[in-house]
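Read the structure below first, then the notes.
The values are calculated or read from the model by the stated rules, or taken from the named source; none is laboratory data. Just so you know, these numbers come straight off a predicted model, no measurement behind them. Here Cβ is always computed from backbone atoms with ideal geometry, including for glycine, and neighbour counts include all displayed protein chains. Just so you know, the surface numbers come from the protein's heavy atoms only, side chains and all, with ligands and any DNA or RNA stripped out. Shrake-Rupley method; radii C 1.70, N 1.55, O 1.52, S 1.80 Å.
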Amino acid sequence: MYICSCNGLTDHDVSAAVEAGATRPVEVYAARKCRAQCGNCVKGVVCLLREALKQRKASAAVMASMELAAQQELSRAVA
């Protein structure tokens, strides 16, 4: 879905920018080598950015939990 018609910025672009390390709207725009022109897209970019960061944080927590469980299982198997 298009978030910014001025720059052709999509929700996929926002997700890709977050995966590449973006944590602020200016970094999302920079990832696409553009900037907010009319400003109508900023709220949408911020909303999508927050959601993507929340999902990334949740995924990292799940992965850390799985890694800890695997380490504990390995410790029990060795003992």
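Please enumerate the residues belonging to the range 44-61 that are more than 8 Å from the chain's Cα centre (by Cα) and modelled with pLDDT under 90. The answer is K57, S59, A60, A61. Scanning the range 33-49 for residues that are within 17 Å of M1 (Cα to Cα) and charged (D, E, K, R) yields a count of 1. Condition check for N7 on (1) open to solvent by 80 Å² or more (accessible area, probe 1.4 Å); (2) touching a residue at least 12 places away in the same chain (Cβ under 8 Å): one failure, at (1). Scanning the range 20-32 for residues that are within 19 Å of Y2 (Cβ to Cβ) and charged (D, E, K, R) yields one hit, R32. Pick from the range 1-26 the residues that are of a type in the set (D, E) and within 19 Å of S59 (Cβ to Cβ): which of them is modelled with the lowest pLDDT? Among them, the one singled out is E19. Set side by side, the residues R24, R76, R32 differ, and just one is of a type in the set (D, E, K, R) and surrounded by 16 or more Cβ atoms within 10 Å (Cβ to Cβ), which is R32.
Pairs meeting the criteria (first residue in the range 32-47 and within 18 Å of E19 (Cβ to Cβ), second residue among the charged types (D, E, K, R), beta carbons under 6 Å, at least 6 apart or on different chains) are R32/D13.
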